Amino acid sequence: MNIHEYQGKEILRKNGVAVPFGIVIENTGQARDAAIKVQELAGTNAWAVKAQIHAGGRGKGGGVKIAKTVEEVNEFAGQILGMNLVTHQTGPAGKTVNKVLIEQSIFYPGESEVQEFYMSILLNRATGRNIIMYSTEGGMDIEEVAAKTPHLIFKEEINPAVGIQAFQARKIAFNLGLTDKALKEMVKFVIGLYNAYESCDASLFEINPVFKTSDNKILAADAKVSLDENALYRYPELSAMRDFSEEDPTEVEAGKNNLNFVKLDGNVGCMVNGAGLAMATMDIIKLSGGDPANFLDVGGGANAQTVEAGFRIILKDPNVKAILINIFGGIVRCDRVAEGVVEAYKKIGTISVPVIVRLQGTNAEEAKKLIDDSGLEVFSAISLQDAADLVRLHVN
């Protein structure tokens, strides 16, 4: 689950990481008061006005502006709130800005001796350890840095048995070229950042840039945070941070129906029980000349309700030319799934695309007979090859 910058910074602040003071607003009428309060509490005469969306590259798209007066804060907030912000991470469709963060500018007047670093923490799946990636080239796309100057990217793996050690934080600060007060501040920053990552079962913390001021303070100027959804039951306060308006509506609906759904760009909708079988089904669709329109796992207890919900979600995609239902009857009997398919089909009404149902396992033959005798435009298959042939027939 992704969260907004201001939410990520709140997690950082609780773990002793220095972040700029800011206030989030949702309408332009709040901009002036927020700017004045930030000025009073942070002692700043400049503000950063930042769009809050789940995507990077906001500055390049016009979603981040520096204001030097309260009037400019109000003006920029009005420009950004409600805008359709397009970045390299949103794609051409962009995202609507519903919230703006107004925070103290971390540039001091006439400041020149500043540095920007890159730092992130994520899991190295190859070793099973968390890894800190960092670079002196902050403020840039890390992919570009990796492609052009890979020697400027450093990595530090953390032993999960002991956690981050002070010598590792010092090594990071040394590699970033810091000394004296800045080195001590960076050590504190790194340890706090790692503790923040660990404190909420995150899958990613990315700070770009980590900002060093001319008086050697180290601040998190930005925060991109992804949390492990499987662990959210332990953190109700973090679960409450979820912003459904930032997520794909079909994926949100699927989650409400306890379906594992990921939207893709193909033309064949698929509904399967089990992640492994879902991957095999997507392979079959590709081999038959089609492209998967989604990943949809209805789980081991497929019934009329889950099948109906799956149908409705898949049919919202105008690119879908056919639907392939592939169920292995192990925990659940195939004939009960077939009854659920027929019941859901009748309940929905007209389905304008062909539906191919492949049921294998317990009572598979009875299930095929139920489908064939239903009188509906549903095509049954026993083998994966049968399903592939039917997909090829209807999408090519």
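The values are calculated or read from the model by the stated rules, or taken from the named source; none is laboratory data. Keep in mind that this is a model prediction, so the values were computed, not measured. Here the Cβ is made from the backbone with ideal geometry for all residues, glycine too, and neighbour counts use every protein chain on show. Surface accessibility is based on the protein's heavy atoms, side chains included, excluding ligands, DNA and RNA. Shrake-Rupley method; radii C 1.70, N 1.55, O 1.52, S 1.80 Å.
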- the stretch 342-358, subset among the hydroxyl-bearing types (S, T, Y) and surrounded by fewer than 19 Cβ atoms within 10 Å (Cβ to Cβ), residue nearest to E308 (Cα to Cα): T350
- Query: Among (1) open to solvent by less than 20 Å² (accessible area, probe 1.4 Å); (2) closer than 24 Å to L264 by Cα; (3) under 35 Å from the mean Cα position of the chain (by Cα); (4) hydrophobic (A, V, I, L, M, F, W, C), where does V378 come up short?
  - Reply: (3)
- Note on the structure: I106 passes all but one of the listed conditions (1) more than 17 Å from G59 (Cα to Cα); (2) more than 23 Å from the chain's Cα centre (by Cα); (3) modelled with pLDDT of 85 or more; the exception is number (1)
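Would you mind stating whether E143 is in a strand (DSSP E or B) and either at positive phi or of a type in the set (D, E) (or both)?
So E143 does not fit the description; no.
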- Query: Out of all the residues in the stretch 160-174, which are in a helix (DSSP H, G or I) and either open to solvent by 60 Å² or more (accessible area, probe 1.4 Å) or within 14 Å of E206 (Cα to Cα) (or both)?
  - Reply: F167, R170, K171, F174
- Item | Single residue of E103, E156, E137, E143 found to be in contact with a Leu (Cβ under 6 Å, 6 or more places away or on another chain) and not basic (K, R) | E137
- Test S120 against the criterion of being of a type in the set (G, A, S), out of contact with any His (no Cβ under 9 Å at 6 or more places or on another chain) and over 19 Å from A67 (Cα atoms), and give yes or no. yes
- So which residues in the stretch 124-159 are open to solvent by 70 Å² or more (accessible area, probe 1.4 Å) and within 16 Å of F205 (Cβ to Cβ)? R129, K155
- Task: Would you check which residues across the stretch 9-27 are more than 24 Å from F189 (Cβ to Cβ), touching a strand residue (DSSP E or B) at 6+ places or on another chain (Cβ under 9 Å) and either open to solvent by 20 Å² or more (accessible area, probe 1.4 Å) or part of a helix (DSSP H, G or I) (or both) and list them?
- Result: E26
- Query: If you take the residues of the stretch 311-340 that are assigned to a helix (DSSP H, G or I) and farther than 18 Å from A254 by Cβ, which of them is most open to solvent (accessible area, probe 1.4 Å)?
  - Reply: R336
- Query: So which residues in the stretch 117-153 are modelled with pLDDT of 90 or more and within 21 Å of the chain's Cα centre (by Cα), if there are any at all?
  - Reply: Y118, M119, S120, I121, L122, L123, N124, R125, N130, I131, I132, M133
- Task: Spot the failing condition for E185; the list is (1) more than 16 Å from G16 (Cα to Cα); (2) of a type outside the set (G, A, S); (3) open to solvent by 40 Å² or more (accessible area, probe 1.4 Å), and only one is missed.
- Result: (1)
- Item | Selected residue (only one of V262, V225, V272 is within 30 Å of L324 (Cβ to Cβ) and within 14 Å of the chain's Cα centre (by Cα)) | V262
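Taking the criterion of being β-branched (V, I, T) and open to solvent by less than 50 Å² (accessible area, probe 1.4 Å), would at least one residue in the stretch 359-370 satisfy it? Working first, answer last.
Going through the stretch 359-370, the residues β-branched (V, I, T) turn out to be 362.
Those left that are additionally open to solvent by less than 50 Å² (accessible area, probe 1.4 Å): none.
There is no residue in the stretch 359-370 that is β-branched (V, I, T) and open to solvent by less than 50 Å² (accessible area, probe 1.4 Å).
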- Criterion (touching a helix residue (DSSP H, G or I) at 6+ places or on another chain (Cβ under 7 Å) and open to solvent by less than 50 Å² (accessible area, probe 1.4 Å)) met by exactly one of V97, V38: V97
- Within the stretch 226-238, tally of residues that are touching a residue at least 40 places away in the same chain (Cβ under 8 Å) and of a type in the set (G, A, S): 1
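Would you confirm, using the coordinates I've provided, whether V49 is open to solvent by less than 60 Å² (accessible area, probe 1.4 Å), of a type in the set (V, I, T), in contact with a Lys or Arg (Cβ under 9 Å, 6 or more places away or on another chain) and part of a strand (DSSP E or B)? Show your work before the answer.
Working: open to solvent by less than 60 Å² (accessible area, probe 1.4 Å): yes; of a type in the set (V, I, T): yes; in contact with a Lys or Arg (Cβ under 9 Å, 6 or more places away or on another chain): yes; part of a strand (DSSP E or B): yes.
Yes: the conditions hold for V49.
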